[in-house]
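Structure, as structure tokens:
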Amino acid sequence: QVQLVESGGGLVQAGGSLRLSCVAAGRTFSGASVGWFRQVPGKEREFVAAVDWSGDNTVYSDSLKGRFTISRDNAKNTVYLQMNTLKSDDTAVYYCAAERFGLLVTTWAQYDYWGQGTQVTVSS
């Protein structure tokens, strides 16, 4: 069982930046792809970005490409989400998730393990 722990959320002004981290506890991310999703109350969980095991291949939501960057450091068992030029619409709970077969997928149902989420609030 992989336990994922997100951190780095908080309150930031519009135009600012945050970097979220996702650490795998108990087991490594070995071979797994990792994705970030976000959710606001009353709405479906939305795909943000994903990275494969090597870190060389990534996929982004079209609407977020250019502002958000996903990366990973396998030596630290950590995946990051750098978020720049934040907008009030980015306010959400952000979750990281692991897909154990290493597939680069964008649908939340295809992910096997989830963190508890970290709140990001962007004030305008």
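Derivation of every value follows stated rules applied to the coordinates shown; laboratory data play no part. Source: prediction; values computed, not measured. In this analysis, Cβ positions are derived from the backbone assuming ideal geometry, glycine residues included, and neighbour counts consider all displayed protein chains.
Laid out as a table, the results:
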| item | result |
| --- | --- |
| Neighbourhood net charge (13 Å Cβ-Cβ; Lys/Arg +1, Asp/Glu -1) for residue 51 | -3 |
| Max mean-square fluctuation residue, GNM over the chain, Cα-Cα springs under 10 Å, options 19, 67, 45 | 67 |
| Unit charges at the beta carbon, dipole of the range 43-88: most positive-side option, 54, 75, 88 | 88 |
| Point-to-point label distance, residue 62-residue 7, nm (Cα→Cβ direction, 7 Å offset) | 3.7 |
| Contour minus Cα-Cα distance for residue 84 and residue 103 (0.36 nm per residue) | 4.2 nm |
| Check: the chain dipole with +1 on Lys, Arg Cβ and -1 on Asp, Glu Cβ, in debye | 180 |
| Contact order normalised by residue count of the range 15-124, Cα under 8 Å, 6+ apart, percent | 33 |
| Simple label model, 7 Å out from Cα along Cβ direction - residue 71 to residue 39, nm | 2.9 |
| Gaussian network model of the chain, springs between alpha carbon atoms under 10 Å - residue of 109, 25, 97 with greatest fluctuation | 109 |
